[in-house]
Amino acid sequence: MNHRIWNLFAFILILFACTPASPAESSRKLALVGGMLLDGYEVPPIHHAVILIEGNRIVKVGPSSEVTIPSDAEVIDTRGRVMMPGLIDVHVHLQILGHGDYMRWDPWIAKNNLVEKVAEISAKQLLNAGVTSAVDLGGTLKSPSDRVIHGPDTDIPGPRMAVSGPWITRSLGEGFYSTALDDQMLIDTPAQAAAAVDKLAAAGVDVIKAYVDLDPAHYKAIVDAAHRHKLRVHAHVYDPTDVRNAFEAGVDVLQHVGSAGVPLYDPALVKAIAVKGTPVVVTAAHRAFLFPATVEFPERLQDPQLKIDFGPQIWDEVQNSLQRFQRLSYFSTTDQEMRFSRASLGQWIDSNVTLGMGTDSGTPMNFHTESLWREIKAHVDLGMSPQRAICAATRINAQILGRGDELGTIEPGKLADIIVVRGNPLFDITSLANVEVVIKDGRVYKDARK
Ligand SMILES: [Zn+2]
């Protein structure tokens, strides 16, 4: 298993596009000129701004009138548009593409030798949607081929990835990955939970995911072991008791909390989470918002971009799986969640806890092409200001990644992860669906300006 994990990480490292920059590239100058700048802080935008990039770093930021553009800089005209930090999604799954049934998908991609291709499609879709960093919270560890790991095309477009590998749990839940994988971290005792963390750490994971149905002693063992390895623990929790157990054991991020339509959480618990500052990622949209959006506009399932990205074989398989999406077991409790979303999700927004932004991208009908702007829109619909929602998906998420010093805002010294969007997201948050330029690590990956 370790061998397979290492192969996965080799692949993920390639996704980082970590090929060392050539001397020419490291001094290459790029200037984004003229657009409105949202820098990732909750401050007024800078109008008619300039961002100067040298190599992979931002070196200067300010209004056009105050920044001299070097004569040898390549200029990207952003007039009439908005420049902002690359988006970060702290909950994605590269191994799924919106298919309706995990029990069919996992063995199907394994049988058809598509595991590597699916990860590539996911990574590319996320990047094109403006996601320049992401956390994968539970993917298969099937080895991608040597072509990807050692071949000539070592520069697969995708976000910077942090990955958890398999999650640690006492039960598999929902059948997710259970058929195609033999590398689940199924545990029973706290000692086994700690050993599972050691094993994952040795394999090189970036974060640990703890998956429901664990007792306080399990959470404690996982947190202690993970922190010894300097790894953060993301807990997948809905049930109020699970939330409390995970929080009290000191997990670093509470994932899903609030999106299951359960009764409101104990205000004392919410307050304690807010005071301690443990980040909460509510994954608001993946059922409660996505389902009604699809009932209203089922045509979204046939978005032509998906057809282009997937290719015919995967397209047909995904289309077939979603034909009667209303009946998928994944959505069996969604009506309850929809009725309660304003109350249960609003509780977290109103309580002023530290909210990050994560989508569970790749889950049924939750396509990587649009998962993050839909999640951000859901937060805005629930009462969050557009600027706070954007900050959550950039600056706060960078802190959740543990990379707040390098990512998440546009200011000198930070890595040049920048997107340019058409329209003003502070006025209409769905402008985030119109990502025209994507720059990651100082390199232009997408430029769709006409
Ligand atoms: Zn997930």
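The values are calculated or read from the model by the stated rules, or taken from the named source; none is laboratory data. For clarity, every value in this text was computed on a predicted model and none was experimentally measured. Note that we place each Cβ from the backbone using ideal geometry, even for glycine, and neighbour counts take in every protein chain shown.
Could you go through region 48-60 and let me know if any residue there is under 22 Å from the mean Cα position of the chain (by Cα) and surrounded by 16 or more Cβ atoms within 10 Å (Cβ to Cβ).
Taking region 48-60 first, the residues under 22 Å from the mean Cα position of the chain (by Cα) are 56.
Narrowing the set further to residues that are surrounded by 16 or more Cβ atoms within 10 Å (Cβ to Cβ) leaves 56.
Yes; the residues of region 48-60 include at least one that is under 22 Å from the mean Cα position of the chain (by Cα) and surrounded by 16 or more Cβ atoms within 10 Å (Cβ to Cβ).
Would a scan of region 264-278 turn up a residue that is within 28 Å of residue 331 (Cβ to Cβ) and of a type in the set (S, T, N, Q)?
The answer is no; no qualifying residue exists.
Does residue 360 count as closer than 20 Å to residue 281 by Cβ and not aromatic (Phe, Trp, Tyr)?
Working: closer than 20 Å to residue 281 by Cβ: yes; not aromatic (Phe, Trp, Tyr): yes.
Spelling it out, residue 360 is indeed closer than 20 Å to residue 281 by Cβ and not aromatic (Phe, Trp, Tyr).
Residue check: is residue 130 crowded, with 23+ Cβ neighbours inside 10 Å and on the phi > 0 side of the Ramachandran plot? Let's see the steps before the verdict.
Working: crowded, with 23+ Cβ neighbours inside 10 Å: yes; on the phi > 0 side of the Ramachandran plot: yes.
Against the criterion (crowded, with 23+ Cβ neighbours inside 10 Å and on the phi > 0 side of the Ramachandran plot), residue 130 qualifies.
Limited to region 91-133, what total is found for residues that are in a loop (DSSP other than H, G, I, E, B), more than 16 Å from the ligand (Cβ to nearest atom) and among the small types (Gly, Ala, Ser)?
2
Scan region 363-377 residue by residue and report those that are of a type in the set (Val, Ile, Thr) and assigned to a loop (DSSP other than H, G, I, E, B). Full working, then the answer.
At the first step, the residues of region 363-377 found to be of a type in the set (Val, Ile, Thr) are 363, 369, 376.
363, 369, listed by residue number.
Confirm whether residue 376 is modelled with pLDDT under 95 and either touching a His at 6+ places or on another chain (Cβ under 9 Å) or of a type in the set (A, V, I, L, M, F, W, C) (or both). Show your work before the answer.
Working: modelled with pLDDT under 95: no; either touching a His at 6+ places or on another chain (Cβ under 9 Å) or of a type in the set (A, V, I, L, M, F, W, C) (or both): yes.
Taking the combined requirement at face value, the residue does not satisfy it.
Could you please tell me which pairs satisfy a Cβ distance under 7 Å, a separation of 6+ or placement on different chains, a first residue in region 214-233 that is closer than 8 Å to residue 249 by Cβ, and a second residue that is assigned to a loop (DSSP other than H, G, I, E, B)?
Note: pairs meeting the criteria are 219/251; 223/250; 223/251.
Being aliphatic (A, V, I, L, M) and more than 16 Å from the ligand (Cβ to nearest atom) narrows it down to one of 270, 253, 257, so name that one.
Numbers: 253 fails: more than 16 Å from the ligand (Cβ to nearest atom); 257 fails: more than 16 Å from the ligand (Cβ to nearest atom).
After applying the criteria, what remains is 270.
So for region 97-108 (the condition being at pLDDT 95 or above and either closer than 21 Å to residue 409 by Cβ or under 17 Å from the mean Cα position of the chain (by Cα) (or both)), does at least one residue qualify? Spell out the reasoning first.
Of region 97-108, the ones at pLDDT 95 or above are 97-100.
Then keep just the ones that are either closer than 21 Å to residue 409 by Cβ or under 17 Å from the mean Cα position of the chain (by Cα) (or both); that gives 97-98.
The answer is yes; a qualifying residue exists.
May I ask you to verify whether residue 238 is within 16 Å of the ligand (Cβ to nearest atom), out of contact with any Cys (no Cβ under 7 Å at 6 or more places or on another chain) and of a type outside the set (A, V, I, L, M)? Reasoning before the result, please.
Numbers: within 16 Å of the ligand (Cβ to nearest atom): yes; out of contact with any Cys (no Cβ under 7 Å at 6 or more places or on another chain): yes; of a type outside the set (A, V, I, L, M): yes.
The answer is yes for residue 238.
Just wondering, is there one or more residues in region 242-250 that are closer than 20 Å to residue 370 by Cα, surrounded by fewer than 20 Cβ atoms within 10 Å (Cβ to Cβ) and away from the ligand (no atom under 16 Å from the Cβ)?
From region 242-250, those closer than 20 Å to residue 370 by Cα are none; that's our starting set.
Taking every residue of region 242-250 in turn, none turns out to be closer than 20 Å to residue 370 by Cα, surrounded by fewer than 20 Cβ atoms within 10 Å (Cβ to Cβ) and away from the ligand (no atom under 16 Å from the Cβ).
Being over 25 Å from residue 398 (Cα atoms) and of a type in the set (Ser, Thr, Tyr) is the filter; apply it to region 256-296 and report the residue that is farthest from the chain's Cα centre (by Cα).
265
Is there a residue being touching a residue at least 40 places away in the same chain (Cβ under 8 Å) and over 25 Å from residue 264 (Cβ atoms) anywhere in region 341-360?
no
Restricting to region 344-393, and then to whatever is in contact with a Leu (Cβ under 8 Å, 6 or more places away or on another chain) and among the β-branched types (Val, Ile, Thr), can you tell me which residue is farthest from the ligand (Cβ to nearest atom)?
Applying the filter and picking the extreme gives 390.
Here are 349, 400, 396, 376: which of them is closer than 29 Å to residue 299 by Cβ and of a type outside the set (Lys, Arg)? Don't jump to the end; show me each part of the working.
Numbers: 349 fails: closer than 29 Å to residue 299 by Cβ; 400 fails: closer than 29 Å to residue 299 by Cβ; 396 fails: closer than 29 Å to residue 299 by Cβ.
Only one candidate passes the filter, namely 376.
From 409, 394, which residue is under 18 Å from the mean Cα position of the chain (by Cα) and either at pLDDT below 95 or not in a helix (DSSP H, G or I) (or both)?
Details: 394 fails: either at pLDDT below 95 or not in a helix (DSSP H, G or I) (or both).
Selected residue: 409, the only one of 409, 394 that is under 18 Å from the mean Cα position of the chain (by Cα) and either at pLDDT below 95 or not in a helix (DSSP H, G or I) (or both).
Kindly indicate whether any position in region 192-204 is among the hydrophobic types (A, V, I, L, M, F, W, C) and part of a loop (DSSP other than H, G, I, E, B). If you could, list the steps in order and put the result at the bottom.
Just the residues of region 192-204 that are among the hydrophobic types (A, V, I, L, M, F, W, C), to begin with: 193-197, 200-203.
From what's left, part of a loop (DSSP other than H, G, I, E, B): none.
Looking through region 192-204, none of the residues is among the hydrophobic types (A, V, I, L, M, F, W, C) and part of a loop (DSSP other than H, G, I, E, B).
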